[in-house]
Amino acid sequence: MISSYLTNISQLDDHTIHLLFSANRWEKRSLMETKLKAGTTLIVDRYSYSGVAFSSSKGLDIEWCKAPEVGLFAPDAVIFLDISPEKAAERGGYGGERYEKLEFQRKVAESYKALHDASWKIVDACPSMEDVEKQLQDVVLDSVMECQKGKPLSHLWSL
């Protein structure tokens, strides 16, 4: 259902698709908990912040967007790949999905700026893929080392 929406095969109300993405995260919550408690490092592409940024960029209230995410695990690190929407559009594979429109991506970039806080790690995504990969490796390894010191699980956006 989500894939057909993203590829413009089906149409859904903005509230509905937001809740479907959230339900998808909730569906994986118990598996994530099991893996985390077993010491497995999880790297999740996008996640709750992405859902809130995209949905609020469509005009949904940001607090309403956060509400279904309350109780999901908070990430130990949020790594934001910083690149202008214009530069991202120049890269291959851009434009095939519903949200890959330059004007909308500008709104999403602004939403991410509103959401981010000092704990986020910002990676410049403009250099070569190899340079970005090196930056990511450094940030991820630092985060993993911190977590190995016994950081407890925490949750997103308490009520």
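Exactly one residue out of S50, S56, S3, S22 is surrounded by 13 or more Cβ atoms within 10 Å (Cβ to Cβ), among the polar types (S, T, N, Q) and more than 15 Å from F73 (Cα to Cα): that is S56. Candidates I9, I17: the one that is surrounded by fewer than 13 Cβ atoms within 10 Å (Cβ to Cβ), among the hydrophobic types (A, V, I, L, M, F, W, C) and either assigned to a loop (DSSP other than H, G, I, E, B) or at pLDDT below 95 (or both) is I9. Residue-level check: of (1) over 16 Å from the mean Cα position of the chain (by Cα); (2) at pLDDT below 95; (3) of a type outside the set (K, R); (4) part of a loop (DSSP other than H, G, I, E, B), E146 misses just (4).
Looking at E86, is it of a type in the set (D, E, K, R) and closer than 14 Å to Q105 by Cα? Break it down into steps so the answer makes sense when it comes.
Details: of a type in the set (D, E, K, R): yes; closer than 14 Å to Q105 by Cα: yes.
It is true that E86 is of a type in the set (D, E, K, R) and closer than 14 Å to Q105 by Cα.
Among the criteria (1) out of contact with any helix residue (DSSP H, G or I) (no Cβ under 7 Å at 6 or more places or on another chain); (2) modelled with pLDDT of 95 or more; (3) under 25 Å from Q148 (Cβ atoms); (4) not charged (D, E, K, R), the one T40 does not fulfil is (2). Cβ-Cβ distances below 8 Å connect the following pairs, each with a first residue in the stretch 26-44 that is among the hydroxyl-bearing types (S, T, Y), a second residue that is at pLDDT below 95 and surrounded by 12 or more Cβ atoms within 10 Å (Cβ to Cβ), and a separation of six or more residues or different chains: T41/V144; T41/C147. Could you say which residue among G59, G71, G92 is of a type outside the set (S, T, Y), outside any helix (DSSP H, G or I) and at pLDDT below 90? Being of a type outside the set (S, T, Y), outside any helix (DSSP H, G or I) and at pLDDT below 90 holds for just one of G59, G71, G92, which is G92. Residues of the stretch 95-132 that are among the hydrophobic types (A, V, I, L, M, F, W, C), under 18 Å from S48 (Cα atoms) and either part of a helix (DSSP H, G or I) or under 14 Å from the mean Cα position of the chain (by Cα) (or both): V108, A109, A114, L115, W120, I122. I'm checking my understanding of the structure. Among residues of the stretch 34-56 that are charged (D, E, K, R) and assigned to a helix (DSSP H, G or I), which one is nearest to H15 (Cα to Cα)? If we take residues in the stretch 34-56 being charged (D, E, K, R) and assigned to a helix (DSSP H, G or I), then K35 is nearest to H15 (Cα to Cα). Just so you know, in the stretch 25-47 the residues that are surrounded by 15 or more Cβ atoms within 10 Å (Cβ to Cβ) and of a type in the set (A, V, I, L, M, F, W, C) include one that is farthest from A109 (Cα to Cα), and it is L36. Is there a residue being in contact with a Leu (Cβ under 6 Å, 6 or more places away or on another chain) and touching a residue at least 60 places away in the same chain (Cβ under 8 Å) anywhere in the stretch 112-119? No, the stretch 112-119 has no match at all. L81 falls short on exactly one of the conditions (1) in contact (Cβ under 8 Å) with a residue 24 or more places away in the chain; (2) outside any strand (DSSP E or B), and that condition is (2).
The values are calculated or read from the model by the stated rules, or taken from the named source; none is laboratory data. Everything numeric in this text was worked out from a predicted model, so none of it was measured. Here Cβ is always computed from backbone atoms with ideal geometry, including for glycine, and neighbour counts include all displayed protein chains.
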